[in-house]
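Peer 1: Let me begin by handing over the structure; questions about it come next.
The values are calculated or read from the model by the stated rules, or taken from the named source; none is laboratory data. It should be emphasised that the depicted structure is a prediction, and the values quoted were computed from it without experimental measurement. All Cβ positions, even for glycine, are placed from backbone atoms using ideal geometry, and neighbour counts span all protein chains on display.
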Amino acid sequence: MSLVIFLVVLCAAMAVGVPIAFALILCAVAMGITLDMFDPQIISQRTIVGANSFSLLAIPFFLLAGELMNAGGMSKRIVAFAVSLVGHVRGGLGVVAIFAAIILASLSGSAAADTAALVTMLLPMMRGAGHDEARSVGLMASGGIIAPIIPPSIAYIIFGVATNLSISQLFMAGIVPGIMMGVGSLLAWLIVSRVDNVAPLPRATWRQRAVATRSAIWALGLPAIILGGIRFGVVTPTEAAVVAVVYALFVGLFVYRELQPSQLFEVFRNAATTTAVVMLLAAAALATSWFISIADLSGIVLGVVEPLIDYPTILLVVIMLLVIAVGTALDMGPTILILAPVLLPVVKEAGIDPVYFGVLFVINCAIGLVTPPVGIALSVASGVSGVPMHRATIGAMPFMIAQTAVLFLLVLFPQLVLWPMEWLK
């Protein structure tokens, strides 16, 4: 009964346009009444407790670091570095987009920010070269969703807080799958871009490459500092986020000198606005998850899928298909906060490594960022480029298919995640 009420209230609230955070609070109220535990103090206290998390502090700092990187010129130097290295190969600008997307993903962790940066800097070049506009936009939207998979990732922070898993382990486990997602998109691009018959860019000289590398070296140093610090236990993910802010601020103000003091208010305001949205959502979802635990919804779901417990691969396939369906209607944050606490006990019962499941879950949610109608990364790419949403969706289809294939490859061969994860730990 509790599961039915939870789903009915959530779907009804979303259908009439209630924001997700408030829809989740309504779910908490409805479940509290059903369980004869309704008390406004309980809901307010659980909401405050949900937001009162040291791990969640990493979110505003990583968001601020991403804003500082874009304003301080780090993103455009990464793109120039990628152009100097691989711009001359066939379909080179698309290769540059994926190469730059992987590097940018290790800097910001925000799919929307990375997508906007890629489209702004590379789409004029791809238009001028003669590449199909919609396909180029679709490629960059698909490249942008690598950001939540490769650390530092806001999605892993949310997943870790929602499920009480190690965020550091999630970070380390996401590196290889994130690179594989980029390789999948790259292979799809090399196949579909043949019809464009575009001449590649001139090969950069070694001197030009040296200049681009020297210019980008400060930007390239940040992921090494963050991941190295976490890997060797020097900093926690939250402390790494603070280091990223200080580093990006220093580089933007004193090294590249493109970040002006007059821009700081706008940068901090943008980061604060995004943080408010994410933190309210997390607080509301964690309040609801308390009632989910009391109602034992995980046990109910476990009873439904009990025949699949002895077949973990089939169980994972079913869960991935469920998350794909949900991801077309919900953004990444709500999907993680609603489903992860319910599904994790189920996969643990099936003997599936929870960190491995977390990586698959986040990859699945990331693919949802380019699936209409919600697809945030696709919406950002369409808005920045001016390409209509339906055309951008068609252009993104080959890359969505490739990335979904990578997801199910990881389901069928868990060692692709588990072996690198154990080595990196």
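Peer 1: Starting from residues that are within 14 Å of E239 (Cβ to Cβ) and in a helix (DSSP H, G or I), keep the ones in the range 37-62 and report whichever is modelled with the lowest pLDDT.
Peer 2: That would be S55.
Peer 1: Kindly list the number of the only condition in (1) touching a Phe, Trp or Tyr at 6+ places or on another chain (Cβ under 7 Å); (2) within 19 Å of L369 (Cβ to Cβ) that fails for P177.
Peer 2: Every condition holds for P177 apart from (1).
Peer 1: Which is surrounded by 18 or more Cβ atoms within 10 Å (Cβ to Cβ), at pLDDT 80 or above and hydrophobic (A, V, I, L, M, F, W, C), of A271, A295?
Peer 2: Checking each option against the conditions leaves just A271.
Peer 1: Taking A65, is it over 17 Å from E266 (Cα atoms) and either without any contact (Cβ under 8 Å) to a residue 40 or more places away in the chain or among the small types (G, A, S) (or both)?
Peer 2: Against the criterion (over 17 Å from E266 (Cα atoms) and either without any contact (Cβ under 8 Å) to a residue 40 or more places away in the chain or among the small types (G, A, S) (or both)), A65 does not qualify.
Peer 1: Looking at L259 and the list (1) surrounded by fewer than 17 Cβ atoms within 10 Å (Cβ to Cβ); (2) of a type outside the set (F, W, Y); (3) more than 25 Å from S53 (Cα to Cα), which single condition is not satisfied?
Peer 2: Checking L259 against (1) surrounded by fewer than 17 Cβ atoms within 10 Å (Cβ to Cβ); (2) of a type outside the set (F, W, Y); (3) more than 25 Å from S53 (Cα to Cα), the one that fails is (1).
Peer 1: Search the range 173-224 for residues being among the polar types (S, T, N, Q) and crowded, with 20+ Cβ neighbours inside 10 Å, and hand back the single one that is nearest to the chain's Cα centre (by Cα).
Peer 2: S185
Peer 1: Also: Collect the residues in the range 170-201 that are modelled with pLDDT under 90 and farther than 28 Å from G72 by Cα, keeping them in residue-number order.
Peer 2: L190, I191, V192, S193, R194, V195, D196, N197, V198, A199, P200
Peer 1: So, one more: Could you identify the single residue in I167, I145 that is within 11 Å of the chain's Cα centre (by Cα), closer than 28 Å to P341 by Cα and of a type in the set (V, I, T)?
Peer 2: On inspection, the qualifying residue turns out to be I145.
Peer 1: Let me ask something else. Yes or no: the range 7-30 includes at least one residue that is over 26 Å from I158 (Cβ atoms), aliphatic (A, V, I, L, M), touching a Leu at 6+ places or on another chain (Cβ under 8 Å) and touching a residue at least 40 places away in the same chain (Cβ under 8 Å).
Peer 2: Within the range 7-30 (the criterion being over 26 Å from I158 (Cβ atoms), aliphatic (A, V, I, L, M), touching a Leu at 6+ places or on another chain (Cβ under 8 Å) and touching a residue at least 40 places away in the same chain (Cβ under 8 Å)), the answer is no, since none of the residues qualifies.
Peer 1: Name the residues in the range 19-33 that are surrounded by 14 or more Cβ atoms within 10 Å (Cβ to Cβ) and either modelled with pLDDT under 80 or not β-branched (V, I, T) (or both), would you?
Peer 2: Residues satisfying the conditions are P19, I20, A21, A23, L24, L26, C27, A28, A30, M31, G32.
Peer 1: Another one. In the list A402, A392, A381, which residue meets the criterion of being surrounded by fewer than 22 Cβ atoms within 10 Å (Cβ to Cβ) and either at negative phi or within 19 Å of the chain's Cα centre (by Cα) (or both)?
Peer 2: A402
Peer 1: Okay, moving on. Which members of the range 348-373 meet the condition of being of a type in the set (V, I, T) and either within 15 Å of the chain's Cα centre (by Cα) or farther than 19 Å from F413 by Cβ (or both)?
Peer 2: Scanning the range 348-373 gives V359, V362, I363, I367, V370, T371.
Peer 1: Also, I was wondering about something else. Restricting attention to the range 89-100, does a residue exist that is modelled with pLDDT under 85, under 19 Å from V362 (Cβ atoms) and under 24 Å from the mean Cα position of the chain (by Cα)?
Peer 2: The answer is no, given that none of the residues of the range 89-100 is modelled with pLDDT under 85, under 19 Å from V362 (Cβ atoms) and under 24 Å from the mean Cα position of the chain (by Cα).
Peer 1: Being outside any loop (DSSP other than H, G, I, E, B), within 13 Å of G72 (Cβ to Cβ) and under 25 Å from the mean Cα position of the chain (by Cα) narrows it down to one of L249, L280, L227, so name that one.
Peer 2: Among L249, L280, L227, only L249 is outside any loop (DSSP other than H, G, I, E, B), within 13 Å of G72 (Cβ to Cβ) and under 25 Å from the mean Cα position of the chain (by Cα).
Peer 1: While we're looking at this one, here's another question. May I ask you to say which residue of G109, G128 is more than 17 Å from the chain's Cα centre (by Cα) and either not in a helix (DSSP H, G or I) or not basic (K, R) (or both)?
Peer 2: G128
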